[in-house]
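A quick write-up on the structure given underneath.
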Amino acid sequence: MKDRLITAAGALVALVILYTMFFQPSEPPVTRPVSTETGRNGYAAVSRWLEASGFRVVSLRDRYDTLISFDSDDALGLPRRGNLLITTMPHLLPVRSREHDHLKAWIRSGNTLLILAALDDTPEWTPDNASRFLQDLQIMTGVTFLPERERAQGRLALRRGPIGAGSPVELAPVAGHPLMAGVERLLGYSDAESAIWRLVPPESQQLLLLRLATERSSGLDAAWERRLGNGHIIFVASGAMLTNHVVAESDAGLFLANAVRHHIDGAGAVIFDDMHQGLSVIYDAAAFFSDARLHSTLWFLIGAWFVYVIGSSNRLAPPITRRSGPRQRDFLEAVGGFMARRLDARDAGMMLFKTWFDDVKQARGLRADEPPWDALRGTPTLDAATYGRLRRYHDVLSAGKAVDLVRLHNTLRKAREAIG
């Protein structure tokens, strides 16, 4: 009974250590702008509203290459034109250069890209080091952005500016554009300090940008539309405008409805770029470790182990008692140890040679008074290196010096095998 109590106590201690290491309560993870997320920063509200309105909603969990893979087995089954892709930047997973080419080809074929870029606001999911954000945004839109404070003061001031932490960012629509029909105001939300960004006019006169909205506090442009081939690119300087906690506070839903009505044709779909925000078919470690099935399995295994440990059978094996009587191995070790302590190393080497010489002489009928070196040198199966090594060992022993008995034994053994 005492053994079982000790075992149970040890099991409880092990459980406490395991819980401390792996199951300590921590801050809830920051949610990301993906179509399945029901948390603060997700798009579940917008996604379900679109589905309830009869539109097809697709969660893109692969790279942009899939958009133009119409004839492949893993294609999304989308029509070639008349689709709307919503992507939120900065991305968690970077866009590859090949993806940019495929995305532009998809837009040129008659599709629309809506970019919600966290420029004027800084949502909590925005990474601290979004080094590729502006580069990818420039590649996608064809225009460049600079913070207004940086342009005015002539120095870098990224993520510092007039928008304070925990502040809404209000966008005023430009009257007359179809996408802004009925829209009175749009809201973003900045969880951290942010700058107001200014679009740098493109040098090419062929790039025509239509202004859709301005940032109310500064009057700077904050939303634009441009054509690309047969398609369109719409980009808004807010990454939080359509998220669950902001979308109902403004006319963002009406803005999206206008975009869907004007840019989706027939069987076209609204596609959420979930892959570049971490929701990928390739591998999602966060989703794996947050899966309730994994937690249930772990608790089941822990419970089964605990029951096994404190079960009725005694798994503490009795101690193994040593035999009190001496064995044959003990006798050999004792004799060998005695001989090793009493026998001189030179004498032991000469005894090894004498025993081997006697065997060779007896096998070949030689005289017993001389070492059979001549006969051994003429043996074709005994290589010269082994023969020479044995002669050197014998000369050293004959001179009254000691040799390495282990090496001598191994060399003699090799010679025995060679001459049979």
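The values are calculated or read from the model by the stated rules, or taken from the named source; none is laboratory data. The structure presented is a predicted model; accordingly, all values stated were derived computationally and were not measured. Using ideal geometry, Cβ is built from the backbone for each residue, glycine included, and neighbour counts are taken over all protein chains shown.
Leu408 passes all but one of (1) assigned to a helix (DSSP H, G or I); (2) of a type outside the set (D, E, K, R); (3) in contact with a Lys or Arg (Cβ under 6 Å, 6 or more places away or on another chain); which number fails?
(3) is the only condition that Leu408 fails.
Which condition does Met180 not pass, out of (1) crowded, with 16+ Cβ neighbours inside 10 Å; (2) farther than 25 Å from His102 by Cα; (3) touching an Asp or Glu at 6+ places or on another chain (Cβ under 8 Å), if it passes all the others?
Among (1) crowded, with 16+ Cβ neighbours inside 10 Å; (2) farther than 25 Å from His102 by Cα; (3) touching an Asp or Glu at 6+ places or on another chain (Cβ under 8 Å), the lone unmet condition for Met180 is (3).
Does any residue of the range 152-160 turn out to be exposed (fewer than 15 other Cβ atoms within 10 Å of the Cβ), modelled with pLDDT of 70 or more and not in a loop (DSSP other than H, G, I, E, B)?
no
Residue check, Leu210 against (1) surrounded by fewer than 20 Cβ atoms within 10 Å (Cβ to Cβ); (2) in a strand (DSSP E or B); (3) touching a helix residue (DSSP H, G or I) at 6+ places or on another chain (Cβ under 8 Å), all met but one. Which one?
(3)
What about Gly239, is it out of contact with any Gly (no Cβ under 9 Å at 6 or more places or on another chain), assigned by TED's automatic domain parsing to the domain that holds Glu37 and in a loop (DSSP other than H, G, I, E, B)?
For Gly239, the condition - out of contact with any Gly (no Cβ under 9 Å at 6 or more places or on another chain), assigned by TED's automatic domain parsing to the domain that holds Glu37 and in a loop (DSSP other than H, G, I, E, B) - is not met.
Here's the yes/no breakdown for (1) over 30 Å from Val169 (Cα atoms); (2) outside any helix (DSSP H, G or I); (3) at pLDDT below 90:
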position	(1), (2), (3)
Thr20	yes, no, yes
Arg32	no, yes, no
Arg40	no, yes, no
Val46	no, no, no
His91	no, yes, no
Arg98	yes, no, no
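Residue-wise test of (1) within 25 Å of Gly420 (Cα to Cα); (2) aromatic (Phe, Trp, Tyr); (3) surrounded by 15 or more Cβ atoms within 10 Å (Cβ to Cβ).
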position	(1), (2), (3)
Asp359	yes, no, no
Arg367	yes, no, no
Leu382	yes, no, yes
Gly400	no, no, no
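If the requirement is being in contact with a helix residue (DSSP H, G or I) (Cβ under 9 Å, 6 or more places away or on another chain), at pLDDT 90 or above, assigned by TED's automatic domain parsing to the domain that holds Gly239 and in a strand (DSSP E or B), which of these qualifies: Thr126, Thr36, Thr87?
Thr87
Determine if the range 43-56 includes at least one residue that is surrounded by 23 or more Cβ atoms within 10 Å (Cβ to Cβ), under 18 Å from Val236 (Cβ atoms), in contact with a Pro (Cβ under 9 Å, 6 or more places away or on another chain) and assigned by TED's automatic domain parsing to the domain that holds Glu148.
yes
Determine which member of the set Asp284, Asp273 is modelled with pLDDT of 85 or more, farther than 23 Å from Gly176 by Cα and surrounded by 14 or more Cβ atoms within 10 Å (Cβ to Cβ).
From the options Asp284, Asp273, the qualifying one is Asp273.
Counting only residues that are within 23 Å of Leu405 (Cα to Cα) and of a type in the set (Gly, Ala, Ser), how many does the range 366-390 have?
Count: 3.
Pick from Ile233, Ile264, Ile271: which is out of contact with any Lys or Arg (no Cβ under 7 Å at 6 or more places or on another chain) and more than 16 Å from Pro33 (Cα to Cα)?
Answer to the selection: Ile264.
Could you check the range 242-267 and list, in sequence order, the residues that are among the small types (Gly, Ala, Ser), more than 20 Å from Arg56 (Cα to Cα) and part of a loop (DSSP other than H, G, I, E, B)?
Selection gives Ser250 alone.
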